[in-house]
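Taking it in order: structure first as structure tokens, then the write-up.
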Amino acid sequence: MKTKYFLIISLLFSSSIYSLPRFALQQKDKCISCHINPTGGIIRNENGFFFGRNVVSMSSPRDKNFTISPKLTENVSFGFDYRSQLIYSQEKKRADFQDMTGSLYLNASVSSDIDILARYDFPNSIWEAYGIARILPNESYIKIGSFVPYFGIRIDDHTSYTKGGDYGLLFSIGAIQGLIYNPLYTETGIELGANLSDWGLLTASVGKSRFNGTLSSDPTFTSRFEINSSYDKIGFFAGGSFASAKVRSLGNKLNTILYGTFAGIGTQNFSLIGEYDIAKDFLAKGIVSSAMMLEASYLLTIGLEAVIRYDRFDKNLDIKEDELAHLIFGFEFFPFTFVELRPQYRINIENPEKGNNAFILQFHFWY
């Protein structure tokens, strides 16, 4: 049992490999500008490598003193993300130091239009591998393999209830504390992405879940539409998501429908993003649940950003005072190139109130 709890807590703040949408807002750009994957995440392209090396950090090296390159050959490149954390939980009344993720990425450019990507997360034994062919009009693409379906806003903190929630840390209030897109969730299938001029992206995928115990062998259908643009010094995006999945809950197979909306606005120093999702027949037949996330960030100086986030999960919209929520205060500090420190204090809100707040200090190294 202790081993199980340790694994769950290790995954709790598994800030995986997702791109940060607020970076795109602040730069008035898109996730694909820094990542090879059109929907963001995993290995970074040359722009993403330059951004991590020279833009986001408080101190960056000069070219002559930094000779390492992400390129193994002209057509093959690599990258990695390693995160660990020190966490003190009031509920457990002790501090733990844990590995969160240690992912290695590889990309092989078969041609100018075709890439093959792979990720393996060693601590959690999670892998992705897929090919991307940008062979459709306007650099639209086909993706085939094992990947994370594109639903809502991708953030690098799975404690959001829209992305799996606290995922078992708060043992006293039940195991299900968020939607199905938790740190272990991937699917094997196919995804189509259509770039609509320069202002929109429409994606649709069908796949089979590889997360044991959550979904049956029936396929999951996911679609997402986003518009993004900028005006003067302001960037913004907005859109919606839909998913149809077969979820197993308490021995029952449920025909679950999820849909939601999201939006974000940002300037060079400030960003505000939010997501609201509805899940029908997710916990039980006839029950409608909701999850939301709202995050504000402010760039205090180059390499130091203050972040506040509010998350809420309503298990049953017909029942009052069954909601879970938490309020997170923290900083993201990039003192050197490819180094991040992230202190956070998390206030958990539930009825009846419990002493289960937590302090976290995360360490992040990437390349």
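What follows draws every value from the coordinates through simple rules; no lab data is involved. These figures come from a predicted structure and were not determined experimentally. Counting neighbours? That spans all protein chains shown, and the Cβs are built from the backbone with ideal geometry, glycine included.
Would you list LEU258, LEU196, LEU184 from fewest to most Cβ contacts within 10 Å? Present the calculation step by step, with values, prior to reporting the outcome.
Working: LEU258 26, LEU196 13, LEU184 20.
Ascending number of Cβ neighbours within 10 Å: LEU196, LEU184, LEU258.
Can you give me the Cα centroid spacing of region 83-118 and region 248-327 in angstrom?
22 Å
May I ask you to compute the full-extension gain from ILE114 to LYS93, defined as 0.36 nm times their residue separation minus their alpha-carbon distance, rounded to one decimal in nm? Walk me through the numbers on the way to the answer.
Working: separation 21, 0.36 × 21 = 7.56 nm, distance 5.07 nm.
Result for the pair: 2.5 nm of gain on full extension.
Could you calculate the FRET efficiency of PHE336 with THR73 from 1/(1 + (r/R0)^6), where r is the beta carbon distance between them and R0 is 30 Å, rounded to 0.05?
Values: r = 28 Å, r/R0 = 0.92.
That gives a FRET efficiency of 0.60.
Kindly flag which residue pairs out of LYS92/LYS246; LYS71/LYS163; LYS143/LYS246; LYS71/LYS208; LYS163/LYS253; LYS163/LYS208 have an alpha-carbon separation exceeding 30 Å in this structure. Before the final figure, lay out the partial values.
On the way: LYS92/LYS246 34 Å; LYS71/LYS163 32 Å; LYS143/LYS246 22 Å; LYS71/LYS208 33 Å; LYS163/LYS253 21 Å; LYS163/LYS208 18 Å.
In this structure, LYS92/LYS246; LYS71/LYS163; LYS71/LYS208 lie more than 30 Å apart at Cα.
Read phi for every residue in region 311-327 and hand back ³J(HN,Hα) as whole Hz from Karplus 6.51 cos²θ - 1.76 cosθ + 1.60, θ = phi - 60°, with x for Gly and Pro.
Per residue, the Karplus-derived 3J(HN,Hα) values read 10, 8, 10, 9, 5, 9, 5, 8, 10, 8, 6, 10, 7, 10, 8, 8, 10 Hz.
Taking the Cβ-Cβ separation of LEU86 and TRP127 as r and a Förster radius of 35 Å, what is the calculated FRET efficiency to the nearest 0.05?
On the way: r = 27 Å, r/R0 = 0.78.
Calculated value: 0.80.
Run the reach check for LYS233 against aspartates and glutamates, Cα to Cα strictly under 14 Å, same-chain hits fewer than 8 apart removed. What comes back?
Cross-link targets: ASP29.
Order by neighbour count: VAL110, VAL206, fewest other Cβ atoms within 10 Å first, most last.
On the way: VAL110 12, VAL206 16.
Taking fewest neighbouring Cβ atoms as first place, the list is VAL110, VAL206.
Can you give the FRET efficiency for ASP218 and TYR298, using 1/(1 + (r/R0)^6), R0 = 51 Å, r = Cβ-Cβ distance, to the nearest 0.05? Don't skip to the end; give the middle numbers.
Details: r = 44 Å, r/R0 = 0.86.
E between ASP218 and TYR298, to the nearest 0.05, is 0.70.
Taking the beta-carbon count within 10 Å as an exposure proxy, list THR301, THR101 from fewest neighbours to most. Walk me through the intermediate numbers first.
Details: THR301 8, THR101 24.
Fewest-to-most ranking of THR301, THR101: THR301, THR101.
Which whole-number percent is the relative contact order of region 37-108 (Cα, under 8 Å, 6+ apart)? If you can, show how the numbers build up before the last one.
Working: 69 pairs, mean separation 20.7, N = 72.
Worked out over region 37-108, it gives 29 percent.
Just add up the charged neighbours of MET58: K/R +1, D/E -1, any other residue whose Cβ is under 12 Å from the Cβ of MET58.
Numbers: positive: none; negative: GLU305, GLU332, GLU340.
Taking every Cβ under 12 Å from that of MET58, the sum is -3.
How large is ³J(HN,Hα) for each residue in region 136-147, as worked out from phi by the Karplus curve 6.51 cos²θ - 1.76 cosθ + 1.60 (θ = phi - 60°), to whole Hz, x for Gly and Pro?
8, x, 6, 6, 5, 9, 10, 10, 9, x, 10, 7
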